[in-house]
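For reference, the structure discussed in these notes is given below.
The values are calculated or read from the model by the stated rules, or taken from the named source; none is laboratory data. On a predicted model such as this, the values are computed, not experimentally measured, just so you know. When we count neighbours, we look across all protein chains shown, and the Cβ atoms used for this are built from the backbone with ideal geometry, even at glycine.
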């Protein structure tokens, strides 16, 4: 198996993720998080909330409906602009996403081309239906939003939101007032969004129903060149792949300001996002970059747009997992015009339409990135070397044998640990096999209770990456594990060296 | 304003909840959680997870798509049975939910009646369209699921899930295997569900898009009369309103077993649910009851069904907020037949189709119940007396004045507190008004920094319900607040008495 198959195999069999409604042969683009994947997702979300909502006391989270009125998307421009190019086979009537079909056939980049350019490429290169060799029809736009009918009369068309961002724009007026009209302020949403992809590929990576974590920062556009923490980041280097660049470069924030002419408020948030990836998610720098998007690639509402890309071995290179979008006043102005409500803000004597900076993250792609980047194989085992803050299971508890009062002691320890950590009890199979099973899902520590434990009240803690083992007193176990999880103590200094190693 | 108007006013203006897409005059049944409501919801969800997933090391949460294939609902019975009765006006073609229209007109209970019985009531009582006095057509069933088309060909009909329960049933096979085939095991979902209500009323209480917290316990039906903790609950009294009863009675678990013939496994979970409401949510016993549902009222899949009802002043009495549903093998058997997959389990030498006990909670109704039940008015103020574990904001920090180095000290304290608690900084208006604003949203403690603080490094903590105040050292503030939040110390013993009270 190659790496992507290995990860998929573990994901499906251990309970990270698997196709949704799988017993009915699922539809592409729909996946379920199993019990371990849900833990990993929740831990990533908790990390995200703590970091991004902690940036300012004026940033808050809201939680909104997924079904929204048609007028929202008339104002936002999604009804007109949120389209994918579609071509249909004249013979078998199968439909394809035209840019993907062309990219596959010609090994070229067709993103961002218009209908005519795509149709011309199909004709010039005599491309035919990959299914039945039939003739392909001219390319048309296909709107990617799901519509549905609400109410018994059936004449109220509403839509599933295609991005979480519209929720803060719709709630902006209420929250601006409830939060006492302070600017800048931020509204985050962590929730589901829906896109009717024509033919989603790449398994768990391109989804029809997925999760976004987005922070919309509303600010005074007159202050886009201000940044009170500028001095702390001006020499900080950001890894950027420029529009026509071949390799990413490390550019200081100062260089991005003076040479690349980006505004300070934007650069500051590039630094914030990079720090989240490198310092909190612990992504190695070689697997991280910002990529500047071209005019053609940018979403229709963005004035400045850099994506965060991570390197996925299982997807053959760098792929988008987040974006920093300067949306300007596109959204609030659209909703002001569409709704007739005044959405302006006031700061001092300044009356203005706030501009929006959007920090946008695909939750599922980030979860998948953790699994791809931290997947590690050595001679005897595979394991996920997740940071302790992201492991689905913190600690596993093993009785060496199922007799002689060892299970009773192990269960008592498990009962104590489960209130403090996500703990898992396993008494089946050899200790070596139990270690492998926990390694495979990235559990950071294992605690084993053996015959000596009954005599001296010591237990063994084993660390995942190094496979080293120490002995600690049962009474110190909770506090020692807390220190180990937070990284405030080195593993080998946290206990006594082991006399005899438990069988690996 | 009456109580329901008061709560709605606070909810909308302070950021608990407000109509979704409100600037476009929202559709009934769709609401947004604002920044305080989102906190309240998250805290309730955290309490739920800690308690219900903590019941067994073999209970886990999963996270699934909201869009599901049609076959799921053929097997589950929802396509055939998940209907509301509909009547239409011949003249204006407005559609009504027939049972509600009859209940309003005749002041009777029409729940659970079939089409013919409802039609007969309309004819016999000469009921007409409430809008235009036109003639009403015979009652028909209306399916409450939202359907949508997936893929570019438009011929793949899928549905938004009308209950979260189907997700565990679909994931059961994968998780049973990933969790090493242990029975009983439990799968929880906290997520959105969707019902196309014909004409939702009651504001935030009856929604078209809402949130459920459900735990599905898969167990061996041969063991439904077993309960290893029976001795600990057999004398515990449960408050139950029987099918034809007028008032709820307190019945011991033993009585429910011997007189009411309920199985032990079911009674045990009634006790578990009641304890969650009385001990964790701190609902007063007089506002809580289980209600037995009649055959007509029970959902089509339930063998035994008691609802948890709480007393809402703003809704004129007891209303359903949760249910304990013995679904038997209805779901797994349906999915085994529909999918052709073997869904049986094995325990020892026993091979069987697991039965399901469902603990089902409407998250939004529980959040609303907290606001209704803990809303308190006295002479000078209104406040939410939420338990400390459920307050949206834990502690507010006030500088007495905005000069003389007091803001600097207050900000330093706020920076320390915000890492440990959900903290809010407010420096606008008189101290008395700032207290009122925090009372109104249920903040449990306020910390005020005054001129004395600069000299003696003491600050004032004020408690919401009693409005009492104490002085504590800044260095002890975090640990004192932790003790106060967890209830491990009495307020007046947590600091020195106050020499002069800050202005209320």
Only one of these conditions is not met by residue A:87: (1) within 14 Å of another protein chain (Cβ to nearest Cβ); (2) not in a strand (DSSP E or B). Which number is it? (2)
Output the residues belonging to the stretch A:149-160 that are out of contact with any helix residue (DSSP H, G or I) (no Cβ under 7 Å at 6 or more places or on another chain) and either at negative phi or at pLDDT 95 or above (or both). A:149, A:150, A:152, A:153, A:155, A:156, A:160
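Conditions (1) part of a helix (DSSP H, G or I); (2) more than 9 Å from chain B (Cβ to nearest Cβ); (3) within 22 Å of the chain's Cα centre (by Cα); (4) under 25 Å from residue A:384 (Cα atoms), marked per residue:
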{"site": "A:28", "(1), (2), (3), (4)": "no, no, yes, no"}
{"site": "A:38", "(1), (2), (3), (4)": "yes, no, yes, yes"}
{"site": "A:53", "(1), (2), (3), (4)": "yes, yes, yes, no"}
{"site": "A:60", "(1), (2), (3), (4)": "no, no, yes, no"}
{"site": "A:68", "(1), (2), (3), (4)": "no, no, no, no"}
{"site": "A:73", "(1), (2), (3), (4)": "yes, yes, no, no"}
Which residue, of B:214, B:297, is closer than 29 Å to residue B:112 by Cβ and either assigned to a helix (DSSP H, G or I) or modelled with pLDDT of 95 or more (or both)? B:214
How many residues does the stretch B:195-233 contain that are within 22 Å of the chain's Cα centre (by Cα) and within 25 Å of residue B:44 (Cα to Cα)? 19
Selection status of residue B:451, more than 14 Å from every other protein chain (Cβ to nearest Cβ), more than 26 Å from the chain's Cα centre (by Cα) and over 30 Å from residue A:52 (Cα atoms): yes
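The rows are residues; the columns are (1) buried (at least 22 other Cβ atoms within 10 Å of the Cβ); (2) closer than 24 Å to residue B:280 by Cα; (3) assigned by TED's automatic domain parsing to the domain that holds residue B:43.
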position: B:391; (1), (2), (3): yes, yes, no
position: B:395; (1), (2), (3): yes, yes, no
position: B:402; (1), (2), (3): no, no, no
position: B:405; (1), (2), (3): no, no, no
position: B:418; (1), (2), (3): no, no, no
position: B:423; (1), (2), (3): yes, yes, no
position: B:432; (1), (2), (3): no, no, no
position: B:435; (1), (2), (3): yes, no, no
position: B:438; (1), (2), (3): yes, yes, no
Scan the stretch A:17-24 and tell me whether some residue there is part of a loop (DSSP other than H, G, I, E, B), within 7 Å of another protein chain (Cβ to nearest Cβ), within 17 Å of the chain's Cα centre (by Cα) and buried (at least 22 other Cβ atoms within 10 Å of the Cβ). no
Selected residue (only one of B:446, B:440 is touching a strand residue (DSSP E or B) at 6+ places or on another chain (Cβ under 7 Å), in a helix (DSSP H, G or I) and at pLDDT 95 or above): B:440
Taking into account only those residues within the stretch B:94-150 that are part of a helix (DSSP H, G or I) and within 13 Å of chain A (Cβ to nearest Cβ), which is farthest from residue B:161 (Cα to Cα)? B:101
Looking at (1) under 31 Å from the mean Cα position of the chain (by Cα); (2) touching a residue at least 40 places away in the same chain (Cβ under 8 Å); (3) assigned to a helix (DSSP H, G or I), find the lone condition where residue A:396 falls short. (3)
Of (1) assigned to a helix (DSSP H, G or I); (2) surrounded by 20 or more Cβ atoms within 10 Å (Cβ to Cβ); (3) within 9 Å of chain A (Cβ to nearest Cβ), residue B:158 satisfies all except one. Which? (1)
Return a yes/no flag: does the stretch A:267-282 have any residue that is part of a loop (DSSP other than H, G, I, E, B), within 21 Å of the chain's Cα centre (by Cα) and within 16 Å of residue A:241 (Cβ to Cβ). no
In the stretch A:460-485, what residues are touching a residue at least 60 places away in the same chain (Cβ under 8 Å) and under 18 Å from residue A:390 (Cα atoms)? A:464, A:465, A:481, A:482, A:484, A:485
